[in-house]
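*Asks:* For reference, the structure I am asking about is given below.
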């Protein structure tokens with residue numbers, strides 16, 4: 001594990017891990033919750049996340065990166081910045097859960113054109129359902145999924161649901177010292 005990923009894991013452990021009784025976006029019940037927003041809006045984590053995402057994607061030939069709101073928004077922003085720092089172009093975007101009711105009424109915000117190769121981003125994955133929602137809109141726009149990158153894979157079915165894609169989690173829940181739930 002690189003120094004950036006190791007430090008990012010420490011920041012997540014300190015700021016984002018919560019224990020109790022939670023209902024996840026997937027509808028599953030859990031005794032722990034990874035609230036990534038408690039970490040990814042923190043100054044040090046922003047920089048570390050950009051580095052870690054760069055490490056996971058720099059070998060890909062991608063034109064854009066993004067995913068379902070809200071988790072993918074800061075991820076796409078820091079990755080676009082890091083690509084620019086490395087002298088590479090990258091479009092950031094996000095997929096709305098439902099179309100805006102005003103303006104252009106689009107589900108995809110940012111630039112995503114037919115033929116673009118995309119890294120789909122998400123913060124925490126359980127079943128992979130949120131990524132599949134984003135993938136449906138991305139493919140509808142004519143773009144191609146090159147990889148799926150998440151911060152934390154809870155090891156509860158996302159990898160299997162996303163088996164057709166190049167799946168690249170930064171961490172699994174075991175990196176946090178937590179065993180996956182049945």
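*Asks:* Once the Cα atoms of helix 129-140 and of the chain are each reduced to a long axis, what angle between those two axes, in degrees from 0 to 90 to the nearest 10, is obtained?
*Replies:* For 129-140 against the chain, the angle is about 10 degrees.
*Asks:* So if each residue of separation counts as 0.36 nm, and I subtract the Cα-Cα distance between residue 144 and residue 86, what length gain in nm does that give? Mind showing how you got there, number by number?
*Replies:* On the way: separation 58, 0.36 × 58 = 20.88 nm, distance 2.31 nm.
This chain segment gains 18.6 nm when fully extended.
*Asks:* Need one number: nm distance between label points at residue 10 and residue 132, each 7 Å from Cα along Cα→Cβ, rounded to one decimal.
*Replies:* Between residue 10 and residue 132, the label points sit 3.8 nm apart.
*Asks:* State the antiparallel share, in %, of DSSP beta bridges confined to the chain, rounding to the nearest 5.
*Replies:* DSSP beta bridges in the chain are roughly 30 percent antiparallel.
*Asks:* Enter the angle in degrees (range 0 to 90, nearest 10) between the Cα long axis of helix 72-85 and the first principal axis of the Cα atoms of the chain, meaning the one along which they spread out most.
*Replies:* Compared with the principal axis, the helix lies near 70 degrees.
*Asks:* Once you place label points 7 Å from the Cα toward the Cβ at residue 179 and residue 37, how far apart are they in nm?
*Replies:* About 3.2 nm separates the two model spin labels.
*Asks:* Using Cα centres only, tell me the gap between the stretch 23-41 and the stretch 53-101 in whole Å.
*Replies:* For the stretch 23-41 versus the stretch 53-101, the Cα centre distance is 21 Å.
*Asks:* Right, next: How much length would be gained if the chain were fully extended between residue 160 and residue 19, taking 0.36 nm per residue of separation minus their Cα-Cα distance, in nm to one decimal?
*Replies:* 48.2 nm
*Asks:* Now for a separate question. (1) 10.4; (2) 9.5; (3) 11.3: which one is mean projected area of the Cα convex hull in nm² as calculated from this entry?
*Replies:* So the calculated entry is the one marked (1).
*Asks:* Let me ask something else. Within the stretch 158-182, name every residue whose backbone N is under 17 Å away from a label modeled 7 Å from Cα of residue 1 along the Cβ vector.
*Replies:* 168-180
*Asks:* Cα axis of helix 43-57 to longest principal axis of the chain: angle in degrees, 0 to 90, nearest 10?
*Replies:* The angle comes out at about 70 degrees.
*Asks:* Over the chain, what relative contact order in percent results from Cα pairs under 8 Å that are six or more residues apart?
*Replies:* 18
*Asks:* Here's a follow-up. Can you show me the helix-derived [θ] at 222 nm for the chain, built from DSSP H runs with n ≥ 4 at -39,500 (n - 2.57) apiece and divided by the number of residues, rounded to the nearest 500.
*Replies:* -10000 deg cm²/dmol
Read-outs throughout are calculated quantities, based only on the coordinates presented, and are distinct from any laboratory measurement. Everything numeric here is computed off the predicted structure, so don't read it as measured data. Neighbour counts are summed over all protein chains in view; Cβ atoms, including those assigned to glycine, are modelled from backbone coordinates with ideal geometry.
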